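The values are calculated or read from the model by the stated rules, or taken from the named source; none is laboratory data. If you're wondering where the values come from, they're calculated on a predicted model, not measured in any experiment. FYI the Cβ positions are ideal-geometry reconstructions off the backbone, even for glycines, and counts take in every protein chain you see.
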Amino acid sequence: MKSNLITKMTLCGLMLSGVYASAQKNNLQVDVAKTVTKIQPTMYGVFFEDINFAADGGLYAEMIKNRSFEFLFPMMGWQEPNSDRHKLNEKSGIANVIQYSQKGTNHNYCRVTINDASGYELINEGFRGMGIKKDLKYNLTLKASKISGNISKIKFQFIDKNNKVLGETSVVPTSNDWSNYSAQLTSSATEAKAKLKITFEGNGVIDLDNISLFPEDTWVGRKNGLRKDLVQLLYDLKPGFLRFPGGCIVEGRTLAERYQWKKSVGNVEDRETAVNRWNMEFSHRPAPDYFQSFGLGFFEYFQLSEDIGASPLPILSCGMACQFNTGQLVPMDQIDPYVQDALDLIEFANGDATTAWGKVRADMGHPKPFNLKFIGVGNEQWGPDYIERFKVFQKAIKAKYPNITIVSGTGPFPDGDFYDYGMKELKKLNAEIVDEHYYKDPAWFRKNVTRYDNYDRKGPKIFAGEYAAQSVAIASPENKNNWECAFSEAAFMTGMERNAEVVQLTSYAPLLAHVEGWQWTPDMIWFNNLQSYGTPNYYVQKLFSNNKGTDLINITKDGKAVTGQNDLFASAVKDVNSKEVILKIVNANAASQNVSIDLKGAKLESKGIAVILKGDGINDENSFDAPTKISPKESEFKVSGNKVQYDFPAYSVTVLKIKMK
């Protein structure tokens, strides 16, 4: 009996000492009074690239695919189910694309010959269908020219897969000259896969061009604007910057296919359609119908930046095509036009209406400058050819615009020969900000949380321009936006935030993906024609960006940064505007962990707000059926004087916010 009692007492003592040791083990200290460095307003931003149907078919709300008949196959996106092509013995009608010019930007129009109006239909399939919502209005515009005959009306109808009419309108063509027409459809039902059917009254020949259809309900009600739900998700992030238009799309597979910003401004109908470089890049996801109308161009990117409160960060070609493709180089004695493009872009953004490019902006409806502060030279270029070209850009930009901050690249990888060479040479050039990209497995992000702890404080600042944990492998179509990827990124983000003296801009990539039109996974926001949702990765970004604070402060364990001891990762800031202490804690352990936190240097309120993000398992994902399965949940917690005792759930990201008195 005595023996059993001793055994029980010993076990009890061991258990108590284990609990005590555990409590001691997870004791963190926060120095609220001492500011380590200021957090930049640009610390957390968004990176937009036109991949995964992110622009046409996505953010840009145009519903007609190939509206100007300018695709490589000019009738792509258009169907003629009853045309003369299919019924050799009947004469209903036929559409033929006419190339009227090889110059300029808009080369084609569509000539429709109607022999039997009761039998001919011209149908646009949209971008994997058209998403229409019951009782909402859709604005139609087109150009038309009557050539011959007695065509008295053009009828436009939303139809579903069974040819049921879901909305109808018409225009009356009156002129033999090219004329603009407009009308409005109201949808009688909600349908994700609608199409637009065009029929005619009367027979004859008529030319059509620029057939365009937009929801009336766009972001801030802007005519022919952006898709409201997608911009709302970006706005809710409170991003510090918007990087655009890419990404590899800046470079092009060849120099001829590079993104040329000057072709993306001015009248929308005068912008030249171009092939999207992602349309055939991956054999696992070919998209031969993926083109760029540039309706979402540089003016609209600047406007979007302004709308969501973000600093614009455009990236321009440095005269090198994608080195994973052709690697084509512009000769150094022919690089001046590329440099001039950069100088002209700064004038477009910041010049007054008396300057050539400032006038273009003002004429587009924005007389006020866009207040551009950053410009990027090249995307993922590497090697001596890049450094040689960067020098020329740097010299020219700084000579004319000394206050513009230039972002340079270190190549596509966060380490290795390309990176080492690029960083060494850029340091010699006193580069201001270097853009680093990390597409690695989740474990890499947790292991590399100390990446910037010993980084040269006198070297260039860091832009973590593209990063995302890959659940399978880089560019694998099987990658998932699962919870392990998201909390591993959060762990890495605590390391970037802890080193805010060096890391001054960060953005997840890619941003957007159409569920039926993607080329690359994982992606931060998924959408179909009617719905969109943020992934767990989105909510991690939102937690950090919405709680970035103004001043970095220290959170430590035994005097050292919290970088994975006991699978805990942490960073801390204070916000002098909201008078809050904000702690970000990631528990990457399979068990919950009780943590004692001592906060010194400030008087605190007796209650705080905890914002918790967690999944039931590491493979959990959000979906259209469960879009907020993993999303932030708020609760209150007690503050005892200057101490907080908190249970951090297994596999969780938690933000603790405490008001200062």
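Of the residues that sit in the range 294-325 and are polar (S, T, N, Q) and touching a helix residue (DSSP H, G or I) at 6+ places or on another chain (Cβ under 8 Å), which one is nearest to residue 343 (Cα to Cα)?
Of the residues in the range 294-325, the ones polar (S, T, N, Q) are 303, 305, 311, 317, 323, 325.
Checking the rest, the ones that are also touching a helix residue (DSSP H, G or I) at 6+ places or on another chain (Cβ under 8 Å) come to 311, 317.
Details: 311: 18, 317: 13 Å.
Per the criteria, the residue is 317.
Within the range 545-562, which residues are over 19 Å from residue 660 (Cβ atoms) and part of a strand (DSSP E or B)? Walk me through how you get there before you give the answer.
Initially, the range 545-562 is screened for residues over 19 Å from residue 660 (Cβ atoms), giving 545, 556-562.
Hits for the range 545-562 are 556, 557, 560, 561.
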Note to self: Please pick out the residue among 475, 513 that is under 20 Å from the mean Cα position of the chain (by Cα) and at pLDDT below 95.
What the structure shows: 475
Check: For the range 298-394, which fully contained helices (runs of 4 or more DSSP H) count at least 1 residues that are of a type in the set (A, V, I, L, M, F, W, C), buried (at least 20 other Cβ atoms within 10 Å of the Cβ) and in the same structural domain as residue 281 (by TED's automatic domain parsing)?
Finding: 298-307, 336-350
Check: Of (1) buried (at least 17 other Cβ atoms within 10 Å of the Cβ); (2) touching a strand residue (DSSP E or B) at 6+ places or on another chain (Cβ under 9 Å), residue 421 satisfies all except one. Which?
Finding: (2)
Margin query: Would you confirm whether or not the range 432-443 contains a residue that is at pLDDT below 95, over 30 Å from residue 618 (Cα atoms) and in a strand (DSSP E or B)?
Written below: no
Check: Can we say residue 326 is without any contact (Cβ under 8 Å) to a residue 12 or more places away in the chain and of a type in the set (Val, Ile, Thr)?
Finding: no
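So that you can scan it fast, the table gives a plain yes or no per residue for (1) in the same structural domain as residue 471 (by TED's automatic domain parsing); (2) loosely packed, with under 15 Cβ neighbours inside 10 Å; (3) among the acidic types (Asp, Glu):
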residue	(1), (2), (3)
598	no, yes, yes
612	no, no, no
621	no, no, yes
636	no, yes, yes
650	no, no, no
654	no, no, no
Next item on the list: State whether the residues of the range 177-185 include one that is in contact with a strand residue (DSSP E or B) (Cβ under 7 Å, 6 or more places away or on another chain), surrounded by 20 or more Cβ atoms within 10 Å (Cβ to Cβ), closer than 22 Å to residue 66 by Cβ and of a type outside the set (A, V, I, L, M).
Entry: no
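Restricting attention to the range 578-588, does a residue exist that is among the charged types (D, E, K, R), surrounded by 24 or more Cβ atoms within 10 Å (Cβ to Cβ) and closer than 24 Å to residue 481 by Cα? Spell out how you get there, then give the answer.
Restricting attention to the range 578-588, the residues satisfying the condition of being among the charged types (D, E, K, R) are 579-580, 584.
Those still in the list that are surrounded by 24 or more Cβ atoms within 10 Å (Cβ to Cβ) too: 584.
Narrowing further to those that are closer than 24 Å to residue 481 by Cα: 584.
Scanning the range 578-588, I find at least one residue that is among the charged types (D, E, K, R), surrounded by 24 or more Cβ atoms within 10 Å (Cβ to Cβ) and closer than 24 Å to residue 481 by Cα, so the answer is yes.
Please specify each residue of the range 232-284 satisfying the condition of being basic (Lys, Arg), buried (at least 23 other Cβ atoms within 10 Å of the Cβ) and assigned to a loop (DSSP other than H, G, I, E, B).
If we filter the range 232-284 for residues that are basic (Lys, Arg), which is where we start, we get 238, 243, 253, 258, 262-263, 271, 277.
So of that shortlist, the ones also buried (at least 23 other Cβ atoms within 10 Å of the Cβ) come out as 243, 258, 277.
Hits for the range 232-284 are 258, 277.
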Notebook entry, point to check: Can you find even one residue in the range 89-101 that is among the hydrophobic types (A, V, I, L, M, F, W, C) and modelled with pLDDT under 90?
Noted result: no
Notebook entry, point to check: Does at least one position in the range 548-560 carry a residue that is over 30 Å from residue 227 (Cα atoms), of a type in the set (D, E, K, R) and either modelled with pLDDT under 95 or touching a helix residue (DSSP H, G or I) at 6+ places or on another chain (Cβ under 9 Å) (or both)?
Noted result: yes
Item checked: strands (runs of 3 or more DSSP E) lying entirely in the range 563-661 (those with 3 or more residues that are more than 22 Å from residue 495 (Cα to Cα)) -> 604-614, 633-638, 643-648
Checklist line | Subset of the range 99-120 [among the hydroxyl-bearing types (Ser, Thr, Tyr) and in a loop (DSSP other than H, G, I, E, B)] | finding: 100, 101, 105, 118, 120
Notebook entry, point to check: All but one of (1) more than 30 Å from residue 501 (Cβ to Cβ); (2) polar (S, T, N, Q); (3) assigned to a loop (DSSP other than H, G, I, E, B) hold for residue 96; which doesn't?
Noted result: (3)
